[in-house]
Amino acid sequence: MRLVQHKKEAYWFYRFLSIFYDKFVNPLFWTVPMRDKSLEMGQLEEKGISVVDVGSGTGFNTEGIVKKVPPQQVTCVDQSPHQMSKAKAKPELQGCTFLEGDAENLPLPSNSFDRYVSAGSIEYWPDPARGIREAYRVVKPGGLALMIGPLEPANPIGRFIAELWMLFPKEEEYWQWFRDAGFEDLQACYVKPQWVDGKGKYGIALAGRKPLTAGPVAEEVRQAGPEEPESMSIGRRFLLALRVIIGSLAGFLFIPAALIGYARITFSDQSHIPKDQRERLNHHQITAILVIITIVVLLFALLNQ
């Protein structure tokens, strides 16, 4: 299991990341054009549908959902109260229902939603197959589930760092998990930020439909009940801290690559991309870069006095 692919580790990882997630980190790797293209697979235009957004975090994905579905018909589920507090404060999401819960054991009745959506959450699930069985359980017969997640990097160095950090599934694993859960009519599209070049696939949006004839589903997951709280001995606490620190460092190694990529496209020809879809560093990121450069220059000057 990867260093942050664990409920307790993911909880603490986002405890700190939630402070600057929306402004500094998320816009590098999960952009508005990526989100909107992915959500098209969910067929959210249908009138009167109910939607559950699992692993909703700070509500970035939910903001895309409520462009199509009234907030009163959207339920957000996340295990991190720190991330969820950011979502609750967003004006666009007023009216949504917020529940703290586990993607692998959802606090929701079976056959209760027309759409299940999850974006950027599967990376942290210890048992992705179980999480997707839960998606199948809570979706109504004839309903649709949409899973949006990262794919295993093609570059060997990037793959090593990614797999040290969290789960980056192979594409065939997504398809197999959906088929094993019982979904049919599977369809996918692929997304990536504009700074990513090369032939490798970056992220996938995979949608599947629950058959109208579906019988009783995956009730054994619910019968298992809530998991017992993990015993936190001194050794486990030390291991937790070590895994979160090393895993976070591995994750943050991707940030320089993204910044370099954005610097590259800033000075490249983007005439083929509509102006409203061109990706740029925001002012928060630019300010952070300038502060870091200033600190480095000052330290270099002090060391050379």
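Site-free segments of the chain were taken between GluC sites (Glu not before Pro) in DSSP loops having at most 11 other Cβ atoms within 10 Å, sites themselves excluded; the longest one is 46-226. In this structure Thr75 has an accessible area near 20 Å², from a 1.4 Å probe over the protein heavy atoms. For the chain, with all protein chains present and a 1.4 Å probe, just round the carbon and sulfur fraction of the accessible area to a whole percent. On the chain, the fraction of accessible area on carbon and sulfur atoms equals 61 percent. Listed cross-link partners Lys7/Lys68; Lys86/Lys170; Lys68/Lys90; Lys37/Lys275; Lys8/Lys90 are compared with a 22 Å cut-off, the Cα-Cα value being larger for Lys7/Lys68; Lys86/Lys170; Lys8/Lys90. The chain has equivalent-ellipsoid semi-axes of 33, 24, 19 Å, by the square roots of 5 times the alpha carbon gyration tensor eigenvalues, sorted largest first.
Rounded to whole Å, give me the distance from the Cα center of the range 112-151 to that of the range 51-110. Using only Cα atoms, the two centres lie 14 Å from each other. Label separation (Leu212 vs Ser85): 4.7 nm, computed from points 7 Å beyond Cα along the C-beta direction. Helix-only arithmetic for the chain: the sum of -39500 (n - 2.57) across DSSP H runs with n ≥ 4, divided by the residue total, places the mean residue ellipticity at 222 nm at -12500 deg cm²/dmol.
Between Ala188 and Glu100, full extension at 0.36 nm per residue minus the direct alpha carbon distance yields a gain of 28.8 nm. The slack between Ile293 and Gln270, meaning 0.36 nm per residue of separation minus the straight C-alpha distance, is 5.6 nm. Positive-end ranking of Pro153, Ala89, Tyr116 along the dipole of the range 66-173, with charges on Cβ about the Cα centre, is headed by Ala89. Taking all protein chains into account, the per residue accessible area for the chain stands at 51 Å² (1.4 Å probe). Summed over all non-identical Cα pairs, the Kirkwood treatment of the range 24-142 gives a radius of 14.3 Å.
When the convex hull of its Cα atoms is viewed from all sides, the range 31-93 shows a mean projected area of 4.0 nm².
The values are calculated or read from the model by the stated rules, or taken from the named source; none is laboratory data. Remember, it's a predicted structure, so these values are computed and weren't measured experimentally. In this analysis, Cβ positions are derived from the backbone assuming ideal geometry, glycine residues included, and neighbour counts consider all displayed protein chains. Note: areas computed on protein heavy atoms with side chains; ligands, DNA, RNA excluded. Shrake-Rupley method; radii C 1.70, N 1.55, O 1.52, S 1.80 Å.
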